[in-house]
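Notes follow once the structure below has been shown.
Only the coordinates and a few stated rules stand behind these numbers; no lab work does. Treat the numbers as computed from the prediction; the structure is a model and nothing was measured. Counting neighbours? That spans all protein chains shown, and the Cβs are built from the backbone with ideal geometry, glycine included.
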């Protein structure tokens, strides 16, 4: 089961209210169970739908792929938004499925570990993450900067073995970064690439450096070609990702949402603008349902200047933050170019 | 106790095998000395400040003193309550701690909630709820949803339902008030629990600046563990709140006032009105009139005495003195040089290896080993001090640990990173005390979300899996192991 998140409505008080007054309950519910001698009932948490409410991820439609929309099936992790399929190493399984993003654009896409019947010598983890580079709380322009930032914040006794280095894997530029812990004898190798304004990371950890090396080599088997674009017209038709497109002269008509209720959360939004300059898809990284509705209504009235590539209008994907930005810092405006790796995936 | 995951058909027993009898075990409660519950140096040091000593001791006394319905100098208990003194619940390993036990060092005593009838704190027709046992833990109960005879409704409750009422108490003869229907709630799977949070080192936590917390948050960008926490905010000034299981409370004063009213039914200058239970509020019936103003003196029951002849500690309300007492509590003492428990002795070398592994595998991405405080106007020891709290004070998605209680910005699956200082002498772990050994507590960091809940996987799964990749024990050598991490935790 997966996983295009729809707008989750706040639980409405649609069911009947409880009977007024305690007496109505007292008179019809046996009290013997409240004696000290009663057999203790299960302490497990409620199993009824614990519907997620509050600020959550949502989308304006159910067909456009989302970053968190990947899943494991038939021995492979496939993500239509990022456009790749990654075959799970032999004997490995998905331990934890992907999660909706944080307000700062951080996604855990999938966590893989050896299965219980794994016969290999190397126990470890493979975590695939994505970071929306528009919403990072500090300005980081690309995968190299992100990995250098990670390197500067390594904890414990971790030692760098391979500085962040650009290399080609499966025909795509990746930044490769390796470190290890002398104390725990655990080894990491991180492979990061830029896809649609996100830095996607394959974070491989293993107790056995040889197994780790083998797993790193297997990333070469990433399959880019299996996923059709969301418009069905082939991957070259994917939107062009331009960070911070929604400002200045690019915005011809603008109507900011006015949230009915004062809250403290920022509302980070990723949108796809069609060739006519209208918003055709909205992905709320996190928003309360009323914030999502208000923002959707407002964005329906926005008009953008169409983006031209080779003289022809193309769809644009970009990010906007509504509400308080808190500690989020605005990154510099950057435009995707032919040589920029952020558009490489859309060329495939 | 082992848990079964629900991620996939082949993953069911992953954590069972990793955590099963391969040799790593929780060494148990650290014994020898009680390493928490004393004051800052200005209180407990060799040259104490007499003013601070007086305020600390007075707050300590009030924290411990049993409250009554009426008829004493500490009135106001009820009409609903969990216990009659702060120090009853917060007592392991000392005043200000968590849930006690009579079988673990320092053998404080049985769960006091199980003794209310025998000790004349509650009276018949009150009965001991099914989930209260002498062996603990101390529990507070909440119902995520309101329910009727037919079952749960879709209307959120989430408030505390106190265990006992004053009915039957000779000092409350006018009050007829039934206990909540805990068994009925349980039959609908509509009950969740919380254990007391320790308040050691509260002054340090209060004095950690917003920028310090934000800087730590920013430093986690791109972390290799899939961690992405956020903050809870208080509704008054939109600053980061930091106390409580969901970081829902801003300050010790707010914590004191809320607990005094919610857990003991004593109105105060922060929460001035007698508190009906959530059903009574939701049904617009409130408390029965015979259960109001039982002291006869009106509200609030705890107040600042407006009397110019009072001075010093006598001039303050109970909640003020509670807050001052907790604010002056020292952070727990760690034992990195080694320690003993009832079953084993742990060496400094093992603790050191475990401390390194704790950060390396990713636990420290949330359980930040230390944060530095701001300049303090209260005590020099709280100025630019290193608080070894092992928490980022953020709220994180915790998968199957979800209790479906919303508090502030915290959703039903989000919990504050529990500070680990003092964990070496704690007995019950996680928000509802479900785990009584640290290995289970670690494994429960990656419980599968309840099917259909809509909650995502826990943010802690990668760190937990990295921990599980370590060998179970060092085998008598120096290889860093899961056992080393457990030994390190019990040194805190």
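Of the peptides B:108-115, B:168-175, the ranking by mean beta-carbon count within 10 Å, highest at the top, reads B:108-115, B:168-175.
Tell me, B:157, A:244 in order of fewest to most beta-carbon neighbours within 10 Å?
Details: B:157 23, A:244 18.
Ordered from fewest to most neighbouring Cβ atoms within 10 Å, B:157, A:244 come out as A:244, B:157.
The distance linking the range B:453-480 with the range A:130-169 is 23 Å (Cα centroid to Cα centroid, whole angstrom).
Compute the angle between helix B:252-264 and the longest alpha-carbon principal axis of chain B, please, reported from 0 to 90 degrees and rounded to the nearest 10. Roughly 60 degrees between the two axes. Take each residue in B:394-407, count the other chain C-beta atoms within 10 Å of its C-beta, and the mean is 2.
Consider all pairwise Cα distances in the range A:56-221 and report the whole-number % of them above 20 Å. It works out to 52 percent of all Cα pairs. Fewest-first ordering of B:191, A:272, B:405 by other beta carbons within 10 Å of each residue's beta carbon gives A:272, B:405, B:191.
Reported to two decimal places, what Rg/Rh ratio describes chain B when computed on Cα atoms with Rh from the Kirkwood expression? Present the calculation step by step, with values, prior to reporting the outcome.
Numbers: Rg = 22.5 Å, Rh = 23.5 Å.
Value, to two decimals: 0.96.
Binning the alpha carbon pair distances of the protein assembly as shown at 20 angstrom intervals from zero yields the distribution 15, 46, 32, 7, 0, expressed in whole percent.
Between the C-alpha center of the range B:305-361 and that of the range B:365-390 there is a gap of 13 Å.
Between the Cα long axis of helix B:348-360 and the first principal axis of chain B there is an angle of about 90°, rounded to the nearest 10.
Over chain B, dividing the summed -39,500 (n - 2.57) contributions of all DSSP H runs of at least 4 residues by the number of residues returns a 222 nm mean residue ellipticity of -6500 deg cm²/dmol. Once the Cα atoms are used to define both axes, helix B:210-219 deviates from the longest principal axis of chain B by about 30 degrees. Each of B:64, B:152 was scored by other Cβ atoms within 10 Å of its Cβ. Arranged with the fewest first, they read B:64, B:152. Averaged over the residues of peptide B:356-364, the number of Cβ atoms from other protein chains lying within 10 Å of each residue's Cβ is 6. Two decimals is fine: what is log10 I(q)/I(0) at q = 0.10 Å⁻¹ for the range B:141-230, from a Debye sum with one equal scatterer on every Cα and no solvent? Log-scaled intensity ratios, in q order: -0.56.
For the range B:87-211, just say rounded, prolate or oblate: build the C-alpha gyration tensor, square-root its eigenvalues into a ≥ b ≥ c, call rounded for a/c under 1.5, and beyond that prolate if a/b exceeds b/c, oblate if not. Present the calculation step by step, with values, prior to reporting the outcome.
Values: a/c = 1.89, a/b = 1.25, b/c = 1.51.
Oblate.
Within 10 Å of each Cβ in A:92-105, how many Cβ atoms from other chains are there, averaged over the peptide?
Per residue, the number of nearby Cβ atoms from other chains is 6 on average.
Between the range A:269-328 and the range B:153-182, the alpha-carbon centres lie 51 Å apart.
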